[in-house]
Amino acid sequence: MNVIVTGVTRGIGYNIALEFIKRGNRVIGISRTEEELEKIRKEFTLSFIPIKADITDEKEIDNIFKKLRDMKISADILVNNAGVGYISNFCDLPWEKNKKMIHLNIVALTYMTHKFLEEIKNNENKGIINVSSTAACQSGGPLFATYYASKSYVKSFSNGISEELRDKNIRVMCLLPGPTKTTFSGMEKAEGFYIMNASKVARIAVKDYFKGKEICIPGITNKILVAIGSIIPRNLELKILKRIQNRK
Ligand SMILES: NC(=O)c1ccc[n+]([C@@H]2O[C@H](COP(=O)([O-])OP(=O)(O)OC[C@H]3O[C@@H](n4cnc5c(N)ncnc54)[C@H](OP(=O)(O)O)[C@@H]3O)[C@@H](O)[C@H]2O)c1
């Protein structure tokens, strides 16, 4: 199968690509950095097709699908993984950075999904994995408000289209990782029992996708934290979350 993975050069995206390749699939990897893409191409040779694109630019997304058509490659699975987060008081964060989060985490993901579905010729083995976050299960994110809100969008959007696409046999899974050690904002130096590594998150995600799951929360600690979050009072939850983000 051909699997498009956005944000493929590092972290969770790289590891998801690796898991699909290990299972004999071919990955079409998207990111903005040509040299990093080239390194991955050399690592996986024929199993990896790099496409350099900044997916916050709609024309660059159009170009990804045009290139695939030109290469006569039809994508079977789309992994909307690329995402960004900036920790800050909402007002202190420059508007451009807020806009970038909304653009990459919401607009680009939605447009990639629309284009992918437009291109599908038959529905056999087709599917989408949207990367949200356990943040989407919480009441909100003080000091990370736009990011948390964007990940809630991803969860809600995924649930909505998963029901719409069920009749067409196109599967949609929403992946909700908890804190994961990657180059993501505040996570590079993060330590603690609750921090997972990206390879484990990806292994669980791809396994759950092939099991047919629609929601994947990797790791028992994250599942417990989500369950606790759903029963503690909203004000208390927000105070705890503010303290956590403050430490980052
Ligand atoms: N790490 C965590 O704790 C955590 C927790 C929950 C959810 N998540 C979610 O998991 C996803 C992956 O996060 P990560 O931690 O693996 O992040 P990461 O290490 O920062 O990697 C981000 C990837 O996205 C690519 N990217 C960024 N902007 C892009 C753009 N405009 N167009 C195309 N590619 C772009 C980057 O490559 P280039 O710079 O080369 O473009 C890179 O490959 C995100 O959606 C994040 O919100 C992360």
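The values are calculated or read from the model by the stated rules, or taken from the named source; none is laboratory data. Keep in mind that what you see is a predicted model, and the values were worked out from it rather than measured. No Cβ is skipped: glycine too gets one built from the backbone with ideal geometry, and neighbour counts run over all protein chains shown. Protein only, heavy atoms only, side chains kept; ligands, DNA and RNA dropped before computing areas. Shrake-Rupley method; radii C 1.70, N 1.55, O 1.52, S 1.80 Å.
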Item checked: GLU164 versus LYS66: modelled label distance in nm, points set 7 Å from Cα along the beta carbon direction -> 2.6 nm
Checklist line | Length released on extending from THR45 to LEU236, taking residue separation times 0.36 nm less the Cα-Cα span | finding: 63.7 nm
Notebook entry, point to check: For the chain, which whole percent of the accessible surface, found with a 1.4 angstrom probe, sits on carbon and sulfur atoms?
Noted result: 53 percent
Check: In whole percent, what relative contact order does the chain give with Cα contacts below 8 Å and a gap of six or more residues?
Finding: 19 percent
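Among LYS22/LYS42; LYS97/LYS200; LYS200/LYS239; LYS121/LYS151, which pairs are too far apart, with a Cα-Cα distance over 18 Å?
Flagged as over cut-off: LYS97/LYS200; LYS200/LYS239; LYS121/LYS151.
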Next item on the list: Would you mind checking which residues have amide H under 5 Å from THR180's amide H? H placed 1.01 Å from N; only 5 or more apart, or other chain.
Entry: MET196
Item checked: Phi to ³J(HN,Hα) by Karplus 6.51 cos²θ - 1.76 cosθ + 1.60 over the range 176-192, Hz, x for Gly, Pro -> 10, x, x, x, 10, 6, 8, 7, 4, 2, x, 9, 4, 9, 5, 10, x
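Which loop trypsin sites (Lys or Arg not before Pro) in the range 87-139, with loop taken from DSSP, have no more than 12 other Cβ atoms within 10 angstrom of their Cβ?
Passing both the DSSP loop test and the Cβ count: LYS121.
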Check: Using every alpha carbon pair in the range 2-247, what percent of pairs falls into each 10 Å bin from 0 up to the bin containing the largest distance?
Finding: 7, 32, 38, 18, 4, 0
Next item on the list: Quick one: among GLY192, GLY141, GLY83, which has the greatest mean-square fluctuation in a GNM of the chain with alpha-carbon springs under 10 angstrom?
Entry: GLY192
Next item on the list: Kindly write out, for the range 85-100 in residue order, the coupling ³J(HN,Hα) from the Karplus curve 6.51 cos²θ - 1.76 cosθ + 1.60 (θ = phi - 60°), rounded to whole Hz, with x marking Gly and Pro.
Entry: x, 10, 7, 4, 4, 3, 5, 7, 7, x, 3, 4, 6, 4, 5, 4
Next item on the list: In nm, give the distance between the simple-model label positions of GLU58 and GLU35, each being 7 Å from the Cα along the Cα-to-Cβ direction.
Entry: 3.3 nm
Check: Cα axis of helix 11-22 to longest principal axis of the chain: angle in degrees, 0 to 90, nearest 10?
Finding: 40 degrees
Check: Accessible area per residue, 1.4 Å probe, Å², for the chain: what's the number?
Finding: 51 Å²
Notebook entry, point to check: Mind listing which chymotrypsin sites (Phe, Trp or Tyr not before Pro) in the range 162-248 are in a DSSP loop and have 10 or fewer other Cβ atoms within 10 Å?
Noted result: PHE193
Item checked: Interchain or long-range residues, amide H under 5 Å from ILE128's placed H -> LEU78, ARG171, VAL172, MET173
Note to self: Just to check I understand the Karplus step: with θ = phi - 60° and J = 6.51 cos²θ - 1.76 cosθ + 1.60, what whole-Hz values come out for the range 156-167, glycine and proline as x?
What the structure shows: 5, 4, 5, 4, x, 6, 5, 6, 4, 8, 4, 5
Notebook entry, point to check: For the charge dipole of the range 98-196, defined by +1 on Lys and Arg C-beta atoms and -1 on Asp and Glu C-beta atoms about the Cα centroid, which residue among VAL172, LEU104, ALA136 has the Cα displaced farthest towards the positive pole?
Noted result: LEU104
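Report the FRET efficiency, 1/(1 + (r/R0)^6), for MET187 and ASN122, where r is their Cβ-Cβ distance and R0 is 41 Å, rounded to 0.05.
With R0 = 41 Å, the Cβ-Cβ based efficiency is 0.55.
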Next item on the list: Could you tell me how many degrees, from 0 to 90 and to the nearest 10, lie between the Cα long axis of helix 234-247 and the main elongation axis, the longest principal axis, of the Cα atoms of the chain?
Entry: 80 degrees
Check: Which of these, LYS151, LYS168, LYS52, has the largest mean-square fluctuation under a Gaussian network model of the chain (Cα springs below 10 Å)?
Finding: LYS168
Next item on the list: Would you mind finding the longest exposed-site-free stretch of the chain, with exposed GluC sites (Glu not before Pro) meaning DSSP loop and at most 10 other Cβ atoms within 10 Å?
Entry: 1-123
Check: Taking Cα atoms, how many degrees apart are the long axis of helix 220-229 and the longest axis of the chain, rounded to 10 and kept between 0 and 90?
Finding: 50 degrees
Check: On full extension of the chain, what length is gained from GLU214 through ASP92, given 0.36 nm per residue of separation minus the C-alpha to C-alpha distance?
Finding: 40.3 nm
Next item on the list: Mind telling me which of CYS174, CYS216, CYS91 comes out most flexible in a GNM of the chain, alpha-carbon contacts under 10 Å?
Entry: CYS91
Check: Hey, what number do you get for the chain at 222 nm if only DSSP H runs of n ≥ 4 count, each worth -39500 (n - 2.57), divided across all residues, to the nearest 500?
Finding: -14500 deg cm²/dmol
